[in-house]
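Worksheet for the structure shown next.
The values are calculated or read from the model by the stated rules, or taken from the named source; none is laboratory data. For clarity, every value in this text was computed on a predicted model and none was experimentally measured. Cβ coordinates were reconstructed from backbone atoms using ideal geometry, including for glycine residues, and neighbour counts include every protein chain displayed. All accessible areas refer to the heavy atoms of the entire protein, side chains included, with ligands and DNA or RNA removed. Shrake-Rupley method; radii C 1.70, N 1.55, O 1.52, S 1.80 Å.
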Amino acid sequence: MLPHALRGAAGAAALLLGLGMAAHPAAAQMAAEPSIAEQLVNGLEGVFGQHAGRRRSGTRGFCATGEWMATGAAAPMTTASTLQPGARAAVVARFSLGGGNPNAPENAPGVRGLSFSAELPGGDTQEFVLINTPVFTARTPESFVNFLRVRAPDPQTRQMNSAAVAAANAANPDWAPQMAYVRENAPPRSYATSAYFGINSFVLVNRAGQRQHVRWTFEPVAGRHGLTPEERQARGPAFLEAELRERLAAGPAEWRVLLQFPEAGDPLDDAVTAWPDSRRTLEVARLRITALAGPEACDARLFNPVLLPDGIEPSADPILNARAEAYAVSLSRRLQ
Ligand code: HEM
C-alpha cells in the first residue's frame, strides 16, 4: 500500500521519484529536458524561492477536519459513490493562501484556497482542490510557465522587472480575467465567508453511460463577505486561522456544494472563462468544517484534483491535466 500522500498521483510520483526509471531508454533525455510539470514548479520557485519542507504553492495554510453529506440530487447523473443519497464522508481539509510565500499577508488581495479529501467508510475517496476565484491565472500550462518566468525577481536587485511584466500582460490576454477578479473582490473576512471554485470542468457518467460536463462551486452558508478597507487595516497580516478557530467554537462552517451546468457553446476546457452566473446549478452536497487540526493532519500529504470515484472523470482541460504531476513534483521536493 502506498503512503496516503502518493495515492492517486502514484504514477506521476513514482516517475518523478525515479522509481523504476533506471532502465528506461528515454530517461537520459527526460533528465536533460525538464517536463512541463517541473518547469511549472521551477517557475513557482523562481518567483517565491524554495522553502524547505513546504508546498511550492498554497504554502501558507493550516489543516482542518469535517464532514461531507451528499443530497443525492446528482444520483441520476453519476454513479459516483460520494454523490449517492445519504453518502457521508470524513473530511480532511486544508485552507491556504495562493502562491509560494510562506508569510503571504492575509489582509492583502490575492487567492485563497480550500482543499480536502472526502473519504467514505468503505474507502472510496474524492479530492477537491479549489480556489476563491472562478477562473485560473492562465489558459495553458505553457502560458502559466511564461506568467511565472516573467515575474521572477532579478537575482541581483531582487526586484521584478515591472516593464517586462506590463508588456507580457498586454501580450497574454488570458492572464487578465483572474487579475481583474482579484482586483474587484476584497479579500475574504474569513475562510468561512468565501466561495470556492473548482474552475476546471469534470465529466459525470451515469449508469446508462451518459456524460455531462459540470463545474463545482462551493457557496458559503455564512454568505460571501470581504474585508472593508478599515478591517484590512485593523486585522493585520495574520488573522485567518485564529478567526476560524473562534468561529468553529460557536458552530461548524458550512458550504452548499453546487454543480453548474454549461449551455451549448460554453467552453468546456477553458480555465480562464467562467460560465455565466445564469447557468443552472444543483445542490448536490454540503461540506461542513467542524474543527481545526494540527499539521500532522495534512502537511505531509497532497490533495489531488483528479483523485475521483468511478462515475466522475477529468475533462480535457490542459490545466487540469498538468496539475496532478506538478503537485507530485512539489511533494517530492518538499519531502526531500
Ligand atoms: C497548471 C496549473 C497549476 C499549477 C502548476 C499548480 C501548482 C501547484 C503546486 C505546485 C501546489 C503545491 C502542491 C503540493 O505540494 O501539495 C499547488 C497547490 C494548490 N493549488 Fe495549484 N496549480 C495549478 C492550478 C490550480 C488550480 C486551477 C486550482 C484551483 C482550482 C489550484 C488550487 C491549488 C490549491 C488550493 C493548492 C493548495 C493545496 C493544499 O492545500 O494542499 N491550483 N498548486
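Which residue out of 80, 73, 108, 89 is away from the ligand (no atom under 15 Å from the Cβ) and in contact with a Pro (Cβ under 6 Å, 6 or more places away or on another chain)?
Going through 80, 73, 108, 89 in turn, the sole match is 80.
Between 309, 262, which is more than 16 Å from the ligand (Cβ to nearest atom), surrounded by 18 or more Cβ atoms within 10 Å (Cβ to Cβ) and not in a helix (DSSP H, G or I)?
309
Could you tell me whether the stretch 200-209 includes any residue that is farther than 25 Å from residue 60 by Cβ and without any contact (Cβ under 8 Å) to a residue 12 or more places away in the chain?
Yes.
Quick one: is residue 128 modelled with pLDDT of 95 or more, open to solvent by less than 40 Å² (accessible area, probe 1.4 Å), under 30 Å from residue 82 (Cβ atoms) and not in a loop (DSSP other than H, G, I, E, B)?
So residue 128 passes the test.
Going by the structure shown, is residue 287 away from the ligand (no atom under 12 Å from the Cβ) and aliphatic (A, V, I, L, M)?
Taking the combined requirement at face value, the residue satisfies it.
Taking the criterion of being of a type in the set (A, V, I, L, M) and part of a loop (DSSP other than H, G, I, E, B), would at least one residue in the stretch 231-246 satisfy it?
yes
Here's a check for you: in the stretch 290-306, which residue that is open to solvent by 60 Å² or more (accessible area, probe 1.4 Å) and over 18 Å from the mean Cα position of the chain (by Cα) is nearest to the ligand (Cβ to nearest atom)?
The residue in question is 295.
Just to be sure, is residue 103 at pLDDT 95 or above, polar (S, T, N, Q) and either open to solvent by less than 20 Å² (accessible area, probe 1.4 Å) or touching a helix residue (DSSP H, G or I) at 6+ places or on another chain (Cβ under 6 Å) (or both)?
no
Would it be correct to say that residue 186 is outside any helix (DSSP H, G or I), open to solvent by 10 Å² or more (accessible area, probe 1.4 Å) and farther than 30 Å from residue 311 by Cβ?
yes
Does residue 85 meet the test of being at pLDDT below 70 and in a loop (DSSP other than H, G, I, E, B)?
Against the criterion (at pLDDT below 70 and in a loop (DSSP other than H, G, I, E, B)), residue 85 does not qualify.
Can you pull out every residue in the stretch 35-68 that is aromatic (Phe, Trp, Tyr), more than 10 Å from the ligand (Cβ to nearest atom) and open to solvent by 10 Å² or more (accessible area, probe 1.4 Å)?
48
Can you tell me which residue is nearest to residue 103 (Cα to Cα) among those in the stretch 229-270 that are more than 22 Å from the chain's Cα centre (by Cα) and small (Gly, Ala, Ser)?
For the stretch 229-270, the residue satisfying everything is 236.
Taking the stretch 139-175, which residues are within 21 Å of residue 323 (Cα to Cα), open to solvent by 50 Å² or more (accessible area, probe 1.4 Å) and part of a helix (DSSP H, G or I)?
142, 146, 149
Does any residue in the stretch 39-54 that is in a helix (DSSP H, G or I) come within less than 9 Å, Cβ to Cβ, of a residue that is of a type in the set (Asp, Glu) and open to solvent by 70 Å² or more (accessible area, probe 1.4 Å) six or more places away or on a different chain, and which pairs are these?
Cβ pairs passing all conditions: 39/142.
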